[in-house]
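A.B. asks: Supplied in structure tokens, the structure appears directly below.
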Amino acid sequence: MEEKKNLSQKEISRRSFLKGAGIASVGAVIATTASVDIKADTKNDSDVIGKNGISCEFDVNGKKYAQKVPPRTTLAELLREDLNLTGTKVVCDRGACGACTVIVDGKSVCSCMTLAIDSAGKKIETIEGLANGDELHPLQEAFVNHDALQCGFCTPGMVMSCKNLLDHNAQPTLPEVRKAVSGNLCRCGTYPHVFKAVMDVSGKKGE
Amino acid sequence: MNSFEYAMPKRTADVFRALESSDSIIKAGGIDVLDLIKEGIAHPQRLVNINSIDELKYIEGNQTTGVKIGPGTTLAELASSEVLSGSYRALAQAAGSTATPQIRNSATLGGSLCQRPRCWYFRNKDYHCTRKGGFTCFAVNGENENHAIFENDFGCVMVHPSTTAVALIALGAKLTIASAKSSREILVEDFFVTPRENMHRENILEQGEIITAIHLPPAAKNMVSYYYKQKAKQSFDWPIAEVAVSMQLDGKKCQNPRVALGAAAPVPMRSKEAESALNNQEVTIDIAASVGKEAMKKATPLSQNKYKVHIFQAVIKRTVCWASDIDPFA
């Protein structure tokens, strides 16, 4: 009860605060490139990006893209719908299946649960960045050789999780490989083949 | 997702101003908040992103001085922290067992503590449950296999989803909570709010307040800790039962034990029954088993979750054994 009272008192003071403070505008740029539609919150450097978003620069697989994104756009939506990089798949859209896994600044993340705006200026790696023209990345080659996919829908995310593992740990143990793909659901059940593929690549790397 | 504005404060002090706007909510790693928005449970007009504030990301100190952790520290960083590999290892184990590698790379300790219920009725916008202002807890007479076996007679039978809180409670951790005007410290075990106290909130944070630090007290002499959870799947899953234990171990003699249970009640809870059954005992498998039994004596399971009582007994037994370096299967 007392908490509720406190809350409503706070509501009032917040409203009167806003009334008094008004809305000013500043031109501070938050993301890496020019801003559209930035307005200031109240007094100074707590910058707020409007619902329509701002233009940001994205570094995807070493290529720079300028794109205006509203704050609510996820990284998966940016990649697939704005940049036409549809290799990244969206299945659950809730961070539970790992199909949308990409690597941002050296860390695997679910692109469906990452806001695009938060990835601006960071190094984003997707499945499209692995092959060099027609030449497959060793990990992709190993997936093919070991039949590590059936329907293929989980594969881009699965490969990115494996790449992230090998980037940090070139000689993983089997339990480490299992743990690395524990966030990637494969309904076809190709895990044993995925494990073999990753172990194969790490063996090659060790030679 | 509904449209929202996006505040990107760079310093903690700027967060409070950004939060003054009504209908604003804090986003750290974003895992819980984006889920709530996508499910239509939350409709914020503004997200205040505290993930870009570097001064909230750190792990400082050691076992002698105690450890201070910034709320923006990710679960992956906790799981691999050297500082948390000794007496405080329950926290690293808890963080490392949460969700998936991808989620652990994004999710933060502060967010883990402040996430909203994962009850499937709460997360479904078609169910206007008690916690959302309705009059019915759909789980009481519905699908309640994962729900509470303690404190479940007060109109909401969810279990609190924070795994890290279970370890923090076992370690006797404290939080610093700050607003624009003041700051206060509180034990993690006092941070959470039961449905009996207030149905509509899970913790004591007021609008405009944020967690600014998590403190682990200096490790007592010969302190050990352990965290373990039982899941339905071998890989990532929510716990059916999770337990964290800390104690001082002189040989095998246990002193000052703290036993915390998760997935047991609407709040991460201490089991005083387990603690008194363990205190001043020479730890053996039999003692560990009796601790599990004592902890479950007052359980009041629902129609579909009596099995959790037995699972908790086993999980408590194993966790006490592993904390004491005893093989529970010997």
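The values are calculated or read from the model by the stated rules, or taken from the named source; none is laboratory data. Note that this is a predicted model, so its numbers are computed, not measured. In this analysis, Cβ positions are derived from the backbone assuming ideal geometry, glycine residues included, and neighbour counts consider all displayed protein chains. Heads up: the accessible areas ignore ligands, DNA and RNA and are worked out on the full protein's heavy atoms, side chains in. Shrake-Rupley method; radii C 1.70, N 1.55, O 1.52, S 1.80 Å.
A.B. asks: Within region A:162-197, which residues are surrounded by 21 or more Cβ atoms within 10 Å (Cβ to Cβ) and in contact with a Ser or Thr (Cβ under 7 Å, 6 or more places away or on another chain)?
C.D. replies: Scanning region A:162-197 gives A:ASN164, A:ALA180, A:VAL181, A:GLY183, A:ASN184.
A.B. asks: Something else: What pairs come up if the first residue lies in region B:34-56 and is among the small types (Gly, Ala, Ser), the second is in a loop (DSSP other than H, G, I, E, B), and their beta carbons are under 7 Å apart, counting only those six or more places apart or on different chains?
C.D. replies: Listed pairs, sorted by first residue: B:GLY40/B:LYS125; B:SER52/B:MET8; B:SER52/B:LYS10.
A.B. asks: Identify, please: which residue in region B:220-262 is among the small types (Gly, Ala, Ser) and surrounded by fewer than 19 Cβ atoms within 10 Å (Cβ to Cβ) and is, among those, nearest to B:TYR88 (Cα to Cα)? I'd like the intermediate steps shown before the answer.
C.D. replies: To start, the set of residues in region B:220-262 that are among the small types (Gly, Ala, Ser) comprises B:220, B:225, B:232, B:235, B:241, B:244, B:246, B:251, B:260, B:262.
Checking the rest, the ones that are also surrounded by fewer than 19 Cβ atoms within 10 Å (Cβ to Cβ) come to B:220, B:232, B:235, B:251.
Numbers: B:ALA220: 11, B:ALA232: 26, B:SER235: 24, B:GLY251: 19 Å.
Among those residues, the one meeting the criterion is B:ALA220.
A.B. asks: Exactly one of these conditions fails for B:ALA264: (1) touching a helix residue (DSSP H, G or I) at 6+ places or on another chain (Cβ under 9 Å); (2) outside any strand (DSSP E or B); (3) within 29 Å of B:VAL15 (Cβ to Cβ); (4) not β-branched (Val, Ile, Thr). Give me its number.
C.D. replies: Exception for B:ALA264: condition (3).
A.B. asks: With the structure loaded, tell me whether B:GLU20 is open to solvent by 20 Å² or more (accessible area, probe 1.4 Å), within 12 Å of chain A (Cβ to nearest Cβ), more than 30 Å from B:MET247 (Cα to Cα) and of a type outside the set (Phe, Trp, Tyr) or whether it fails that test.
C.D. replies: yes
A.B. asks: Starting from residues that are under 18 Å from B:VAL166 (Cα atoms) and touching a residue at least 60 places away in the same chain (Cβ under 8 Å), keep the ones in region B:196-208 and report whichever is nearest to the other protein chains (Cβ to nearest Cβ).
C.D. replies: B:ASN203
A.B. asks: Further question: Among the candidates B:ILE26, B:ILE31, B:ILE37, which residue alone is at the interface with another protein chain (Cβ under 7 Å from one of its Cβ atoms), under 20 Å from B:LEU113 (Cβ atoms) and under 22 Å from the mean Cα position of the chain (by Cα)?
C.D. replies: B:ILE31
Matching residues to (1) part of a loop (DSSP other than H, G, I, E, B); (2) out of contact with any helix residue (DSSP H, G or I) (no Cβ under 8 Å at 6 or more places or on another chain):
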{"position": "B:ILE169", "(1), (2)": "no, no"}
{"position": "B:ILE186", "(1), (2)": "no, yes"}
{"position": "B:GLU197", "(1), (2)": "yes, yes"}
{"position": "B:GLY208", "(1), (2)": "yes, no"}
{"position": "B:ALA220", "(1), (2)": "yes, yes"}
{"position": "B:VAL224", "(1), (2)": "no, no"}
{"position": "B:TYR228", "(1), (2)": "no, no"}
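A.B. asks: Among the residues of region B:107-144, what is the count of those that are assigned to a loop (DSSP other than H, G, I, E, B), under 27 Å from B:LEU168 (Cα atoms) and open to solvent by 40 Å² or more (accessible area, probe 1.4 Å)? Quick ask: steps written out before the conclusion?
C.D. replies: Step one: list which residues in region B:107-144 are assigned to a loop (DSSP other than H, G, I, E, B), which gives B:107, B:115-128, B:133-135, B:137-144.
Next, from what is left, pick out any that are under 27 Å from B:LEU168 (Cα atoms): B:107, B:115-120, B:122-123, B:144.
Restricting the remaining residues to those that are open to solvent by 40 Å² or more (accessible area, probe 1.4 Å) gives B:116, B:118, B:120.
Counting residues in region B:107-144 that are assigned to a loop (DSSP other than H, G, I, E, B), under 27 Å from B:LEU168 (Cα atoms) and open to solvent by 40 Å² or more (accessible area, probe 1.4 Å) gives 3.
A.B. asks: Here is a follow-up. Which one of the conditions (1) within 26 Å of B:SER80 (Cβ to Cβ); (2) in contact with a Cys (Cβ under 8 Å, 6 or more places away or on another chain) does A:ILE124 fail to meet, given that it meets all the rest?
C.D. replies: (2)
A.B. asks: Within the group A:LEU136, A:LEU130, A:LEU149, A:LEU166, which residue is more than 19 Å from A:THR86 (Cβ to Cβ) and of a type outside the set (Phe, Trp, Tyr)?
C.D. replies: On inspection, the qualifying residue turns out to be A:LEU166.
A.B. asks: Which residues, taken from region B:39-55, are open to solvent by less than 40 Å² (accessible area, probe 1.4 Å) and more than 18 Å from A:ASP47 (Cα to Cα)?
C.D. replies: Once the filter is applied, which keeps residues that are open to solvent by less than 40 Å² (accessible area, probe 1.4 Å) and more than 18 Å from A:ASP47 (Cα to Cα), region B:39-55 yields B:GLY40, B:ILE41, B:ALA42.
A.B. asks: Find the residue count for region B:56-99, including only residues that are in a helix (DSSP H, G or I) and open to solvent by 10 Å² or more (accessible area, probe 1.4 Å). Before the answer, list the steps.
C.D. replies: Start the filter on region B:56-99 by keeping residues that are in a helix (DSSP H, G or I), which leaves B:56, B:75-79, B:83-85, B:89-97.
From what is left, the residues that are open to solvent by 10 Å² or more (accessible area, probe 1.4 Å) are B:76-77, B:79, B:83, B:85, B:89, B:92-93, B:96-97.
Here the count works out to 10.
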